[in-house]
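The values are calculated or read from the model by the stated rules, or taken from the named source; none is laboratory data. Everything numeric in this text was worked out from a predicted model, so none of it was measured. Here Cβ is always computed from backbone atoms with ideal geometry, including for glycine, and neighbour counts include all displayed protein chains. Ligands, DNA and RNA are excluded from the accessible area calculation, which covers all protein heavy atoms including side chains. Shrake-Rupley method; radii C 1.70, N 1.55, O 1.52, S 1.80 Å.
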Amino acid sequence: MRKTSSIMRCLLIAIMASMYHSSFSATVVVNTSDMTTGGKYGGKINSPFNGIGLYANGDYGATNVEFPDGNGEYEIRICGASSNTSKAGVSLYIEGTKVEAFSFTGTAESIQKSYKKLVFSTKKPEIKLLLETDNGSNDTYIKYVEFEFIKPIVERPAPTLPSVGAYTSGEYRNLFAEAGHTESEVNARLNELWNKYFCGDKDNERIYYEYGDDEAYILDVNNDDVRSEGMSYGMMICVQLDKQKEFNRLWKWVKNHMQLTSGAAKGYIGWKINKDASDLSPQCAPDGDEYIIMALMFAAGRWGNGEGIFNYWKEANEMLNNSLSKDNLINSSTVNLFNEDERQVVFVPYASSAQHTDPSYHMPAFYRLWAEWADYNRPFWKSLAQKSREMYPLFANSTTGLMPDYAEFSGTPTGSGHQEFRHDAWRCAMHMGTDYSWFAEEENETVLIDRLLSFFESEGITSYGSEYNLNGTKLTSDHSPGLVACNTVGALASTKKCVWDIVDDMLSASITMGRYRYYDGMLYFLGFLQASGNFRIYKPAEVLETALDEQYAYSDDGQYLIIDDYEDTPETYCYFMRMTESSTAKAFIDKNPTNSLEHALHIKPGNYDEFYYLEYTLPATTKLSTDYTQIEFDIYYVPGGDNKNQTLKVCINDVNSTIYTESTGDTSTHGVWKHVTVPLSGSYGNSFKLYIGVRTKDADFYIDNLSLRCKNTMNCIDEYVGEKDIRYTGTAFNILGQPVDSNYKGIVIKNGKKYMIK
C-alpha cells in the first residue's frame, strides 16, 4: 500500500471548487402549499401552518422545480411538525430516487437539515414528499423545503491507503478533510453531537444523565434502561474528547451498579440495569466489557491514574485477567469471555450462548493493543487478533460482503432472526476499519470493505436500507445514521471512489433525535470521531516492556525458576481459585504466619475440590517435561484448621490429573513451614495449568516460594556482561548458544536480570 497524499488531495479539491463562481447562486424554496397532493388522505392544511398533511403511507405532495445552479452539493432544509409528541416521518424523493428520510417530534414546527450531492437528469426535476413510515401513531405536517446550493460537484480520485497504521506513524486520517470538507464543518458537527447527546434537552436530545452527586449513565431511550454497550461507548467518547469529569461519572456508575460482585460471573459487567440502578442482569454482553477495558486503558494513557477505582490501569488489567478466569469453576455454566480453543469472543459467557459468537464483538484493534500492553497473556491477545482477522472472510457473504448478527465459530450464520445483516452486524465494518487504520496488517480487511461498500453503492449511497439478508435482499428501508457511520469508519480501509460519497452522506446526515437516538446516536458519535481522526490511541505510562508473566526470575545459583515468591504483591490481592459458583473460597496475599514482614499466599477453600489455580507459560523454547525435574514449594498448615487427616493434591492441566498427593495427618507438620517436592513425569509443553489444594471444604493453609527445579542450570544465558573474580564450576549452560567451560567467569544477563557465574 502507498502513502496517502491527503494534503495534496484537499488542496486540489479546494482549488477546483474555488474556480467555480456564479453570481446567480440561489436558494430554491418549495412551499408545500403549492404542491399537488395525493394518496388516500394527503391534502392541504392551514393549521398548524399553511402546507400539506400526510396521514397514511402513500400520501404525498409533489411538484416540479427548476434548480438554477444545476448539479451540485446542497444543504436541504425541511420545515415540519408532528401531530403529537411521537416521531412523524417523511421521505424526500427527487426524480423518483429517495434522497433522505426526515422526522419531526412535537407539534411545534422545526427544521431538519441534510447535506446532499444532487445530480439532475432534467432541467425541472420532480420533488416529492412521501409518507412511508406511518404506524398510526401520528400525522405528518410539512410547511416548506429549501435547497441551498453550496458548491459544484468535484471529481475526486480514489483513496490511497497509508502503508503503515496510526499505531506506528502517529498519524490519524481525517476522511472529511480528504473529501474536501472544512475543519469548521467537522468541528461544528462534533460540537453539535456533544451538546445534544450530553448536554441537550432531556426529553428529546440527551442520552447522558447525571445520577446523584458524582455518577451518570447513558440511557437506552427506546427501552428506558441502561446497557453496558452504551456505558462503554459513552466512556470511550469521553476519553477521546478529553472529558474526564463525565468519564469518571460513567465509570463510577458501572463500578458501583453494573459490575457483578458475587457468583460465577463476578467481575463481569451486567449487560442491562434499570436507570434507578435496580434489577441488574446476572449475564454480560462481552462487547461492553471489551470497550470498557479499552476506554480505561486510554484513560490511564490520557490522564494518568488516580486512587481506588480511578486507578484506570489496574481496573482494566483486572477485568482482562478476570475474562480468562472462569473455565475453572466447578459445575458452572459460566465461562470465559473468550473461548481459548477457538480463539474467539463468545456471544454470552453462559451455557449454550457461549457456543457461538457475534461477529461484531470481534475487535482485533483492541486485542492488538492488549497484546502490546497487557500485564498478562500477551501471546493470547495477539492470537485473538489474528483469529478475528481470519474469521472476517468466513463471516462475510462472498458477493455482498454483508455479515450476520450471530455466527458459529466456523463462521456459519446462526440464531433465529439473526442469521441476517441486522443492527449488531453494522459494527463489523467499523471494527475492520479501526483495525486497518491503526495497524494496516491485514489486506483482507480492504478486500472485504471494498466489497461491502460496493454493495451499498449499488443500493444507493444516500438511500440504502438498514437490514438485509446476506444475499442482498433488503429487509428494511430506513437509512440509519448509525449504519452510515459504521460504513464510513470502514472506509478507512477502502480504495473505492465511492468512499467520498459515503463520507459526504455521513456529514450531511441528520443527527437522530427522539425515541431512537441511543443506538444510532452512539454509533454515529463514535464513527464521527474515528472518521475525523479524533479517535486515538493513548498509551499508558504503566505499560511494561515485558509482561509480568514473561519476566522470569531465577535463584542465585541458577538452579530454580521462581514461579512466585508472593513478596511483590500487595496484601489482600486475590489469586484465582477453582471453585463452585456460590463459594466464598479465596486465595489471597497475607502476612507470612511466621514472619509478618514477609508475604505468603493464604488459601481458604469453601468446598471440596476447590484448589488454588495458576496458568503459567515457561521461557521460550523450554518445556515443562524436558527442561524441569520437579515442582517445589513451602506449605504451612494452620493449626486448628480442617487440615488433619486430609489429602494435599497437586495436579497439572486438569484437576483429575493428579501428579502428587500426601497426607496432612501428621500434626507435627502443622504450624511450621514444610518443604514439598513434586517430581515431574509425563509430557507437558511450554505452558501448563497448576492446581494445589487440600481436599476439604474447611482447609486453611499457606504456600510460599513456588518454583521449578531446572534440569540444566540457567540454560541459554542471553548476554555476557563482564569479568569478575568468580569462577563457574561445570558445563551446565550456554551463552548465546556457545557452551561454557570451567575457565569461564563473569556476569551474565538472562531475561533482563543479572546473575554471577559460580
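In segment 411-451, the residue that is farthest from G165 (Cα to Cα) out of those that are β-branched (V, I, T) and open to solvent by 40 Å² or more (accessible area, probe 1.4 Å) is T412.
Taking the conditions exactly as written (more than 16 Å from M403 (Cβ to Cβ), at pLDDT 95 or above and aromatic (F, W, Y)), does Y518 satisfy them or not? Judged against the criteria, Y518 is a match. Checking L706 against (1) under 24 Å from T594 (Cα atoms); (2) at pLDDT below 95; (3) open to solvent by less than 10 Å² (accessible area, probe 1.4 Å): exactly one of these is not met. Which one? So L706 meets the others, but not (2). Identify all residues within segment 229-266 that are on the phi > 0 side of the Ramachandran plot and modelled with pLDDT of 95 or more; write none if there are none. The one that is on the phi > 0 side of the Ramachandran plot and modelled with pLDDT of 95 or more: D242. Taking helices (runs of 4 or more DSSP H) as the structural unit, those lying wholly within segment 226-327 and holding at least 3 residues that are open to solvent by 10 Å² or more (accessible area, probe 1.4 Å) and out of contact with any strand residue (DSSP E or B) (no Cβ under 8 Å at 6 or more places or on another chain) correspond to 244-253, 286-303, 312-322.
Considering R536, R515, the condition of being open to solvent by 10 Å² or more (accessible area, probe 1.4 Å), assigned to a loop (DSSP other than H, G, I, E, B) and either among the basic types (K, R) or free of Cβ contacts under 8 Å to residues at least 40 places away in the same chain (or both) is satisfied by R536 alone. Restricting segment 567-602 to residues that are assigned to a loop (DSSP other than H, G, I, E, B) and of a type in the set (S, T, Y), which is farthest from P282 (Cα to Cα)? It comes out as T594.
Does any residue of segment 163-170 turn out to be among the β-branched types (V, I, T) and in contact with a Gly (Cβ under 8 Å, 6 or more places away or on another chain)? The answer is no, given that none of the residues of segment 163-170 is among the β-branched types (V, I, T) and in contact with a Gly (Cβ under 8 Å, 6 or more places away or on another chain). Of all positions in segment 718-727, none carries a residue that is surrounded by 13 or more Cβ atoms within 10 Å (Cβ to Cβ), at pLDDT 50 or above and assigned to a strand (DSSP E or B).
Only one of these is in contact with a Cys (Cβ under 8 Å, 6 or more places away or on another chain) and either surrounded by 24 or more Cβ atoms within 10 Å (Cβ to Cβ) or outside any helix (DSSP H, G or I) (or both): L483, L523, L544, L492. Name it. So the residue among L483, L523, L544, L492 that is in contact with a Cys (Cβ under 8 Å, 6 or more places away or on another chain) and either surrounded by 24 or more Cβ atoms within 10 Å (Cβ to Cβ) or outside any helix (DSSP H, G or I) (or both) is L523. Output the number of residues of segment 584-606 satisfying the condition of being open to solvent by 60 Å² or more (accessible area, probe 1.4 Å) and either free of Cβ contacts under 8 Å to residues at least 24 places away in the same chain or within 39 Å of the chain's Cα centre (by Cα) (or both). Residues meeting the conditions: 6. Of all residues in segment 495-512, those being open to solvent by less than 10 Å² (accessible area, probe 1.4 Å) and among the β-branched types (V, I, T) number 3.
Among the residues of segment 39-66, those that are surrounded by fewer than 20 Cβ atoms within 10 Å (Cβ to Cβ), touching a residue at least 24 places away in the same chain (Cβ under 8 Å), part of a loop (DSSP other than H, G, I, E, B) and touching a Leu at 6+ places or on another chain (Cβ under 9 Å) comprise G39, Y55, A56, N57, G58.
Being small (G, A, S) and closer than 30 Å to E598 by Cα holds for only one residue in A531, A547, and it is A547. If you go through segment 495-510 and keep only what is outside any helix (DSSP H, G or I) and over 19 Å from G89 (Cα atoms), you end up with T495, K496, K497, C498. Here P393 passes the criteria (1) under 22 Å from A166 (Cβ atoms); (2) outside any loop (DSSP other than H, G, I, E, B); (3) open to solvent by 20 Å² or more (accessible area, probe 1.4 Å) except the one numbered (1).
Within segment 468-480, being outside any loop (DSSP other than H, G, I, E, B) and open to solvent by less than 20 Å² (accessible area, probe 1.4 Å) holds for one residue alone: Y468.
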